[in-house]
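Q: First, the structure itself, so that you have it in front of you.
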Amino acid sequence: MAKAQHPPDASIPQNYEGIVNLITREYPALSPGYQQIARFFTQNPNVIALESINAIAEKSGVHPSSLVRFAQNLGYSGFKQLQGVFQTRLATAAPGFRERISALESELSRNESHGNKGFLKDLVVRDMAALQGLMESVTEESLSAAAKLLTSASTIYIAGQLRSEPLALLLRYLLTMLHRRVILLDPAGGLAQEMALTMTERDVLVAIAFRHYAKEVVSITEHAVAAGTPVIAITDSQLSPLAKDSKVLFTVPEDEYTFSRSLAAPMCLAQCLATATAAVLQPNRDSLPRIPSVTEIARDQKARLPKPQKLQR
């Protein structure tokens, strides 16, 4: 593979955001092996910052020399220079996070061989780390932008399959309880892509997919972009096929477990999106925004939210 052309050393990104943007820009032209490394770097920045090159190579499934060549291909002198930027990110963006990671790793090591209760502790500790990462990665601006789209759209389309389906179902439920017009693009009946063709620029698509990305969700997202429909993407990396043309992007990187990936952080994000939408729809409430449940409405008609006023376009 020919080495990519990069600016002089002084112009090489010296911050995490710059590195991610560089990797995202170069990703389509990278070899499959380098793409594998690129995905691991963007999805596991704390691992890159805290662990040795041998440990990172083992976790990413490549030889340590491949990590060195990957760094050089991006324009860095070697792996250490690239790793230093990831270490700076921890020191500046999240003071004390190194200590929390070390404590979590210590907790994991103490519970590796304690039977089924050990499995539970393993999952809980990893979810705690994922939720902490969610707090640090999601911005007020992105939540506000997503809530604005979800309140102003004529119809909200939601696409999420495989392990993402529970997220799609939860969002459909919560947004329906807020009196939003919601269409779930599920694979039942084989009509998901045909239904997606009805999307217009007045609507919004919430696309949810994690690696290995459901092909139908990727295709539906491409339909939305072609139709001018804004896309709110919930995925695992800026290198995801959902990320490129999304209007609002939420990345929720998580460690892969031996059997699956946890949905704790993505579920929390879905609930937050619904709450942020409720806050826009209930501007005059003195208390926190609320989303009534079907049970509440059946028990007490006063629990039903007033019909939201039509928003000016």
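Q: Given points 7 Å out from each Cα along the Cα-Cβ axis, report the LEU169 to THR155 separation in nanometres with one decimal.
A: That separation, rounded to one decimal, is 2.3 nm.
Q: For the stretch 140-303, what relative contact order do you get, as a whole percent, if you take Cα pairs closer than 8 Å and at least 6 residues apart?
A: The value is 23 percent.
Q: At 0.36 nm per residue, minus the direct Cα-Cα distance, what do SER293 and HIS179 gain on full extension? Give it in nm, one decimal, please.
A: Contour length minus Cα-Cα distance gives 39.9 nm.
Q: For the stretch 153-214, just say rounded, prolate or oblate: build the C-alpha gyration tensor, square-root its eigenvalues into a ≥ b ≥ c, call rounded for a/c under 1.5, and beyond that prolate if a/b exceeds b/c, oblate if not.
A: Note, shape of the stretch 153-214 comes out oblate.
Q: Past 29 Å, Cα to Cα: identify those pairs from LYS80/LYS117; LYS80/LYS121; LYS59/LYS121; LYS80/LYS247; LYS59/LYS80, in the order given.
A: LYS80/LYS117; LYS80/LYS121; LYS80/LYS247
Values in this text are rule-based calculations from the coordinates and carry no lab data. Keep in mind it's a predicted model, so treat the numbers as computed, not measured. Heads up, the Cβs are rebuilt from the backbone with ideal geometry, glycines too, and the neighbour counts pull from every protein chain shown.
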